[in-house]
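These notes concern the structure reproduced below.
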Amino acid sequence: MPRGDGISDVSQLFEPFARSRFYNTTASGQQLLDLDLVPRSAAFIEILLRASKPSIGSEASADGPLGVRDTAAPILAATDVLRLAADCAQTSGGAPAGQTLIQLLGTTRVLKALKATTCYVTDVVWPLATELATQSPLSTLSTQPDLQLRSETGARDMGSTLLSNATRVLTFVLTHSAGPGMRRVLPALEESGLLQALSTALLKAPPVVPVGRPVLCLPDTKPVPASAFADRMATVQAELCLNSLKLLSDDFTARGKEAAAAPKLLSTPELLALRRELLRQVALYGERSYDMVLSLEPRSTSAPPAGPAASAAASSTGGSSEGSDEDEEQGPGTDQPMRATVQLSEPVWALLHSPIRFSFPAISGLPDLAPILTRMVEGVIGPVVLVSQAVKAEATGMVLAARAVEQLYPSRAEFADVAARAAKALAKNVSNSPGLVEGVSSGLREMVEMRMRGASAAEVHECMPALLELHAHSLSVMAAAEVPIEDVLDAVKMLGARLQGVEQPPTAPPRRVRTAAADGKIMALPPAVLQSCVDSLLPTGLAPSLDALVRRLAASGQAEAAALSMRASLGGLLGPLLCARLLGWRERVLERARADSGAEWGAAPAGPPAEEGGVEVVLPLGDEAEDLPSVQGELGLLVSMAKMMRAEAARRRAGQQPSGTPELLEEESAWYALALTSCIIACSPGGLPDTLPQLVLPSEREEGVTPEAWAAAERRLDAGRLAVWEAMCLCGTAAMQLTTHQLKAAYDKLRRSSAAQREQLLKPSTGQAGAPSPLFRLGARLASTAACVVASSATYLLPEALMAAAPQETIRVAALLGAEMLHVEDASSRRGGWAAHGDATARSATFAFNKVLEGLGCAVIFLSANEQLQRACVPGWLWGTGRKDAEWALEGGAQPNDVFFDVTTMSDMTSVFAPPPRPVVQLYTPSANGRALDGKRWAQHERHAAAVRALAMEWADQRSPVRMGPWHALMETAAAVRSERQGGGQGSGLTGGAQGQGGGGGHVWAPWLLRVCGNPGCEVWGEGGEVDLPLKRCSGCRTVRYCGRACQQAHWRGGHKEECGALAAAATAARPTKE
């Protein structure tokens, strides 16, 4: 073993070549070659560490680590020479001396020497720093490494300097050996193990800010100078993770199989651990505001303590004047300086610390964090892409990529969790580099979805909240970036496939996903998992992101794709999400009341962040100062969905029907999907109807809130509930009108089809037994339409809105279509066709028809329970009896609440706006309301309308006793809100309908509180949401709004000319009288 004095003599030979005493010129590079210092330095490191290795384990003794102190300075001097050689070669340009230095530095011997140095840091220096941390305080202002390693700061600085030299040489060699030179360097790198050793050393390095120790000083008026350790560790992290990994990936991309060692290197256990840490660091950065605890305390101005601690602190600062300048600085308004200390719950890399990122020259070229974060995520997902590109066959490449992802993250739950947190960090930094961030965000999402292939149901349930959060952050990035429409559709389809639980083939590329049909439902999730999904999505802003993307698709002429994406992307999950956002809005209204009362309150309640502008004070209505409750900010996506349906219905009403097979018979039906989804959200239990009654104040006024503030909050919530109700009506009526056009197209198709064409409708679409036939698909969709679109809308929507939508027309067409389906099936059975010999799917019309009639009958009864709707929509449609042996009863007699729907009456009707020739729906109930109609003549149904309403209300209350209640309360508060907001004399469509020339039998309705263009065919989408359009009211009726003159003129010619006067009259009638 070399003696200490001999080591010192050799190390002095390297002293003149220290970086601070030797200029990086071509001449100095030539001197290095003349003295053969590169191979000699490598040999010196190898001999020194081999000889001292037996004593490394015993150096942490009570007498002090003498052996370590003897070897630290010589190793540092030798690695300084190697780094100097890299610097000289870089400044020499293409000179022969520089090229020779590049070749020498890329030899196996030099790379092995750097690997030995790195292992020395990992095995000796880092443990020593940990041991010394308990013996001396940590200084943050050291500028030079302590060669004697007598303090924690000295050990940390020495280790970081050695690693900085090693990573600098490695990055230089990889950069300047790109192309043919990598044929020599890559095998040497693989043989040396340097990359693996650097990864291990980086992962085991002490944190820049030790966990639980408040050491980072933040003066009030200037940034803290970064320590030498922080600077150098930032260099190591940048060189290794941002540069070296990318250089290896680029080399494989350029040379293909010739660089097969690159993917192999990146898949070693050490590199896998480094890549996992890269993603974790990105995730930690996204949560930095939650991981820091800030505290202010006076900094003592007394003399520093005497003793070893003081000398260690003085040694670590190296006599820098920066500390004294900081001590002289005074905090504002205090006699003693103040300092802020930061305490982290988990260590964050120096590369992500703002003071270091902006001040350190090595990375000052990347002051924006987005490129750093994206390069870090690229280091994680890039090798997977390399693996998939290693073979020509795409299917084989996908299988290899899936194995690589599994090797990287054996635990699906861990991968989903950290990826969702990393996506959150990327979304926070999207503003400066949206395109760059979007690329890696999408790649991360695709890699996680690839990992989820083959997961069990339990694993999917465990990962679902994190998966949805990942998708939400990725979509928010897409909303901020100008990405191609195809990428948006791919992302939405991927989310849809995840929610529907559609298993993807192992050989399919991530973006080429399969989804269920338009009427496919989201997978069944346990209630706890569903609630966890909503909680994870709530702070992501998924609904606003989808709103922006949908409007972008619609503006680009992709309205049909946007319609399909809504059902595919969220389906039944969007309702609970919007409900949670509305409850968060309610909490903000309460917070406003508390703030108006001048009371001090604790933390803000849980819920999404307040929209810009918050909860607005009630103002008089006017063109320039619209009174808009901020609740529309929570309903933007729903309003956009309704606008798309209105525009499509307007096109079809104008005769622009889609050509070809009616879409209800097709496998994919985008507009049916959108109509069904919107009604599930707006008009069905579990959606907005369940949330609306909760948008009220507590029964008792909170302590500390003034009566005036409480009353103002009540008015805001009243207006908010009515705005939500208008949004429900807007969606329900638009869906019903669009659905009517779809049903008519399918009905006309069946009536005009030949026997051969009808037989084709009974055969499976794919030609395989068991697959659904077009007629089977039509029956299922018709049943869903009857239950979700017609019956739910008739249950929950505003009477004036329903009258304008003419639900009786939808009911009639649906009944006739169902009867025609049954006729097609019966005719096929009589002919011995497919219905007679096929499987059960070919004989499903009877079952579907019964479900259709059940839903339509419910709709008629609900409509008959309201006097306005009974008189305007279904006069004489409902009749009842208390006799068990009614003519229409089945064998054995009728059962209580049995409903009979007479389809033949629908066929005999000449107009849906006139009473039918006989009852359409008959209801049996043994109660007094049922018996009251026995003996009465249906021909005199107008005289018995009140008895029919009582019968319908009894039946409705038995079916949904809670659901019918809130609407009565809302009708009562509508008058109060209208009176409060009368201002310019505007009327409200909430409590008074108007007679005009609209399509619903002369009834018109327009939202009053909700901001939306009144032209049904409006296709102006703007840059933001519907609420951001510059809407102005019609000067005649003061009710309908328009986004511009073009829409106003189009609507005037389309019917508003006749409706305007009726709406104005309704507004005048609704205006409160003056005493």
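The values are calculated or read from the model by the stated rules, or taken from the named source; none is laboratory data. Bear in mind the structure is a predicted one, so any value in this text is a computation, not a measurement. Note: ideal-geometry Cβ built from the backbone for every residue, glycine included; neighbour counts use all protein chains shown. Just so you know, the surface numbers come from the protein's heavy atoms only, side chains and all, with ligands and any DNA or RNA stripped out. Shrake-Rupley method; radii C 1.70, N 1.55, O 1.52, S 1.80 Å.
Structure data summary
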| read-out | value |
| --- | --- |
| Nitroxide proxy distance, nm - points 7 Å out along Cα→Cβ at E854 and S431 | 5.4 nm |
| Carbon and sulfur %, accessible surface of the range 675-742 computed with the full protein complex present, 1.4 Å | 48 percent |
| Other-chain or far-sequence residues with amide H under 5 Å of H1003's (modelled H) | G996, G998 |
| Interchain or long-range residues, amide H under 5 Å from S597's placed H | T706 |
| Linear extension gain, V399 paired with W938, 0.36 nm per residue minus alpha-carbon span | 187.0 nm |
| Accessible surface of the range 753-962, 1.4 Å probe, proportion on carbon and sulfur as whole % | 53 percent |
| Net length gained if the chain between S1035 and L35 were fully extended (0.36 nm per residue, minus Cα distance) | 350.8 nm |
| Residues with amide H under 5 Å from that of L149, placed H, sequence gap 5 or more | none |
| Heavy-atom SASA rank of F415, F913 (probe 1.4 Å, accessible area, largest first) | F913, F415 |
| Nearest-10 value in Å² for the accessible area of D487, using the 1.4 Å probe | 30 Å² |
| Which of R586, R1053 is most accessible, then next, and so on - probe 1.4 Å | R1053, R586 |
| Note, ³J(HN,Hα) from phi for the range 751-757, Karplus 6.51, -1.76, 1.60, rounded to Hz, x at Gly and Pro | 5, 8, 6, 7, 4, 5, 5 |
| Per-residue ³J(HN,Hα) for the range 699-714, Karplus 6.51 cos²θ - 1.76 cosθ + 1.60, θ = phi - 60°, Hz, x for Gly and Pro | 5, 10, 5, 5, 5, x, 9, 6, x, 5, 5, 5, 5, 5, 5, 5 |
| E634, E1019, E459, E942, reordered so the largest accessible area comes first (probe 1.4 Å) | E942, E1019, E459, E634 |
| Inter-label distance for R831 and A178, nm, one decimal - labels placed 7 Å from Cα along Cα-to-Cβ | 7.0 nm |
| Projected-area mean, the range 753-962, by convex hull of Cα positions, square nanometres | 12.9 nm² |
| With every protein chain in place, the range 404-504: carbon and sulfur % of accessible area (1.4 Å) | 49 percent |
| Efficiency of FRET between E887 and V696 - r from beta-carbon atoms, R0 41 angstrom, step 0.05 | 0.30 |
| Phi to ³J(HN,Hα) by Karplus 6.51 cos²θ - 1.76 cosθ + 1.60 over the range 485-497, Hz, x for Gly, Pro | 4, 4, 5, 4, 5, 4, 5, 5, 5, 5, 5, x, 5 |
| Average accessible surface area per residue within the range 753-962, 1.4 Å rolling probe, Å² | 41 Å² |
| Point-to-point label distance, A1065-D748, nm (Cα→Cβ direction, 7 Å offset) | 3.4 nm |
